[in-house]
Number of protein chains: 2
Amino acid sequence: MKGKATSFDIAHLAGVSQSTVSRALRNSPLVKQETIDKVKRIARELNYTVDKNASSLRSQQSQTLALLLFEDPTSDDSNINPFFFSMLASITQACAHEGYDLLVSFQQLSNDFHADYEDSHKADGIILLGYGDDIEYKPKLEALQSQGTRFVRWGPQSQAGLSVSCDNRQGGAQATKHLIDKGHQRIAFVGDASNHYPEFFARYQGYVSALMAHDLPVEPALQHNAITTEEAGYEATKQLLNQGDSFTALFAASDLIAVGALKAIAEKGLKVPQDIAVVGFDDIPVASYTSPPLTTVRQNTKLAGEVLVKSLIAQIRGEEVESTTIATAIVERGSSG
Amino acid sequence: MKGKATSFDIAHLAGVSQSTVSRALRNSPLVKQETIDKVKRIARELNYTVDKNASSLRSQQSQTLALLLFEDPTSDDSNINPFFFSMLASITQACAHEGYDLLVSFQQLSNDFHADYEDSHKADGIILLGYGDDIEYKPKLEALQSQGTRFVRWGPQSQAGLSVSCDNRQGGAQATKHLIDKGHQRIAFVGDASNHYPEFFARYQGYVSALMAHDLPVEPALQHNAITTEEAGYEATKQLLNQGDSFTALFAASDLIAVGALKAIAEKGLKVPQDIAVVGFDDIPVASYTSPPLTTVRQNTKLAGEVLVKSLIAQIRGEEVESTTIATAIVERGSSG
DNA sequence: CTGAAAGCGCTTACAG
DNA sequence: CTGAAAGCGCTTACAG
């Protein structure tokens, strides 16, 4: 046998037609068990595997999902938010579990990021992952949707299409309430609080709601914008510390921001948590290793990956699917006292 | 136009044959520039994209690589060595740069890990990434090779097939020499030093060679096995500290092991680097955040990813390819004084 | 339960 | 420079 065996080779050896081989390999109930067994045995002997290009072409489905991971602020590829790696891992696992292959690609929001995995029939659907400017994002999602592309997005339900996200507002409230329970009254918020980044804005809203629920004032001076990088967190915290408004706790909209905040606080000669308590968001691996270890709001990435994949597959199958919100949980470590 | 446009639709609108459309879209020099322009314009208007399944089936190549990431000790998916994420990122980038798509999958070495991305023509070649027991690994690689599967492996050249790795021996020697230069004479090694894990054994050999080059004795009691996890590093270091042999420095065969070692040392009430200096290997993100920050040997993951991808593509093209070894560099931080 | 036939949408000799 | 034709290896109506 030269080259790769085909279903015709098996048919020939099994003494049946090629159509029967195709059915048998897919466990069609139309085929006699005896025939199935014989066909499969021969297939194994020939080291046969179905040609996915042929079967995908014919059946018009690839059993493949594409994960597009985009990040706009950092164009440096090595600087991907570790939170996304954790999502990537759980998405990969979930795909394997559902019998789908996964295509992975990094994109920049500024480009035409949908590539064309779905148009080209290389994938049956697309998972969108990454924090980007919502305003810039919007037209692209709408274009995807109007083209009939099947996709699911990790993020708030503010936009077109199916989405899965954690309950950012709840998480923000949990973090803030945790600090209030520790006796703090003047709590700074470092992170974007605009409609450009709805997930961070929702965390801010949670922060505000917790303050208000405890009759504490919301002071605009204690909120500083920062995109979700260590550098931005460092700079914003430095400014906060230098502007003279006193505060005894800081809620960072992401762990990356929190790590930068820890650095700025240490440089200022202040102690965490004695002088300033810090809480982050995400529970990235590094959060356990900072000094002190970071109290943070955990996003359930394992569940998130599963829900993303299952929602997308349901959508591909034409089922009715709703967007999902996943609960968050606070993880208490040393940085909050 | 209902459904997805095909090359026939374009042919019709452009008033040329479908073959010409196919050539024009691929910038064939056989086609007049004017025709190319017209075809491409119409394709754009129709939102046309080539059906990858059809073109792969016909041309027998998928322009796709598969990355198989396997890890044996930790079956917990969330516990993937962060070093591999960094490799994954650079491989993903390198694929995009070379015009290949990337299929990602986690595997367990204990399973039949080659899946059959290549047999099924879903990928043109496979990248193998992960530390596994070399002895268990060997027959699988040989099987892959005898089937004619095109693959490249991240790891030492000890086995069948093409491989790319960092110079583990050099790295081990650099780490050890660094400690010796700091005045240390009794240096422990935590990590496997057997033929089961050749990369770690090579690091051990580098350690031994550096000691010998400085006329220092190699004491077997100062080497303890540990697989590359934080727990294993913690346990091995605890044993080392409790067995009574004194040492003033510790070289961990990986950063994960080093992180566990830091914990064991702290628990014993000893200070790093004053009482015991520590050096790791990999430069994972966490290494910058431990207390004190970890001195380590950096593997150039950016270059490694590029070389892996380029070597595999060259092999797919039928070119003659050699295995590659990449230089390491020491990154000095607080843990070594 | 099985077979003969059509066709998925391309690429690529072959012919001009 | 272009076209008509074959064929990649499957799945799936259609017919029996």
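Quickly estimate the mean residue ellipticity at 222 nm for chain B, helices only: each DSSP H run with n ≥ 4 gives -39500 (n - 2.57), and the total goes over all residues, rounded to 500. Write out the running numbers ahead of the final one.
Numbers: 11 runs with 139 residues, N = 337.
Estimated from H runs of four or more residues: -13000 deg cm²/dmol.
When DSSP beta bridges are restricted to pairs lying wholly in chain A, around 10% turn out antiparallel.
When residue A:159 is represented by a point 7 angstrom out along its Cα-to-C-beta vector, the spacings to that point in the other copies are 4.2 nm, nearest first. Annotation: amide H of residue A:64 within the under-5 Å range of A:101, A:124, sequence separation 5 or more or interchain, hydrogens built in the peptide plane. What does the charge add up to near residue B:59, with Lys and Arg as +1, Asp and Glu as -1, over the other residues with Cβ less than 11 Å from its Cβ? My count for the surroundings of residue B:59 gives +2.
With both labels modelled 7 Å from their Cα along Cα-to-Cβ, the residue B:142 to residue B:243 distance reads 3.4 nm.
Placing unit charges on each Cβ (+1 for Lys and Arg, -1 for Asp and Glu) gives chain A a dipole about its Cα centre, and among A:42, A:315, A:68 the Cα reaching farthest toward its positive end belongs to A:42.
Listed values for segment A:284-292 are Karplus-derived 3J(HN,Hα) couplings in whole Hz (6.51 cos²θ - 1.76 cosθ + 1.60, θ = phi - 60°), namely 6, x, 4, 4, 7, 10, 5, 10, x, and x replaces Gly and Pro.
Computed from backbone phi, the HN-Hα couplings of segment B:331-337 come to 10, 8, 10, x, 6, 10, x Hz, rounded to whole numbers (Karplus: 6.51 cos²θ - 1.76 cosθ + 1.60, θ = phi - 60°; Gly and Pro given as x). When the pairs B:52/B:122; A:238/B:263; A:138/B:40 are compared against a 20 Å limit on Cα-Cα distance, A:238/B:263; A:138/B:40 fall above it.
Enumerate the helices in chain A for which the Kyte-Doolittle hydropathy averages -0.5 or more and the C-alpha atoms extend at least 20 Å along the helix's axis, using complete DSSP H runs. All intermediate terms of the calculation are to be shown ahead of the outcome.
Details: long enough: A:82-98 (24 Å, 0.73); A:198-213 (22 Å, 0.25); A:301-316 (22 Å, 0.98).
Helices passing the filter in chain A: A:82-98, A:198-213, A:301-316.
Measuring heavy-atom accessible area with a 1.4 angstrom probe and counting protein chains only, the residues of segment B:80-99 that give up at least 10 Å² relative to the chain alone are B:85, B:88, B:89, B:92, B:93. The portion of the accessible surface of segment A:187-298 made up by carbon and sulfur, rounded to a whole percent, is 53 (1.4 Å probe; DNA, RNA and ligands excluded). Exposed loop sites here are trypsin sites (Lys or Arg not before Pro) in DSSP loop states with at most 12 other C-beta atoms within 10 Å. What is the longest stretch of chain A lacking them? Between exposed loop sites, the widest span is A:33-270. Distances between copies at residue B:8, taken between label points 7 Å from Cα along the C-beta direction, are 2.2 nm in increasing order. Treating r as the C-beta distance of residue A:266 and residue A:61 and R0 as 56 Å, the FRET efficiency rounds to 0.55. Annotation: amide H-H contacts under 5 Å for residue B:326 (H modelled 1.01 Å from N, sequence separation of 5 or more, or interchain): B:165, B:166, B:167. Near residue A:196: Cβ cut-off under 9 Å, other residues only, Lys/Arg at +1 and Asp/Glu at -1. The net charge is -4. When the other protein chains are added to the chain by itself, burial of at least 30 square angstrom of heavy-atom accessible area (probe 1.4 Å, ligands and nucleic acids ignored) affects these residues of segment A:56-71: A:57. Taking the 1.4 Å solvent-accessible surface of segment B:7-50 as the whole, the part contributed by carbon and sulfur is 48%.
Protein heavy-atom accessible surface, 1.4 Å probe, per residue over chain A: 42 Å².
Under the definition of partner shielding as Cβ atoms of other protein chains within 10 Å of a residue Cβ, what is the mean value for peptide B:118-127?
Details: counts 1, 8, 10, 7, 10, 2, 0, 0, 0, 0.
So the per-residue partner count for this stretch is 4.
Surface burial for B against A, with a 1.4 Å probe and both sides summed, reaches about 3700 Å² of accessible area.
Leaving ligands, DNA and RNA out of it, rank B:87, A:212 by accessible area with a 1.4 Å probe, largest first.
Values: B:87 0, A:212 120 Å².
Highest to lowest solvent-accessible surface, that is A:212, B:87.
Surface calculation, 1.4 Å probe, protein heavy atoms: residue A:235 sits at approximately 90 Å² accessible.
The values are calculated or read from the model by the stated rules, or taken from the named source; none is laboratory data. Bear in mind that the values here come from a model prediction, so they are computed numbers and not experimental data. Because the Cβ atoms are built from the backbone with ideal geometry, glycine has one as well, and the counts that use them run over all protein chains shown. The protein model used for the area step is the full one, side chains on, heavy atoms only, and it has no ligands, DNA or RNA in it. Shrake-Rupley method; radii C 1.70, N 1.55, O 1.52, S 1.80 Å.
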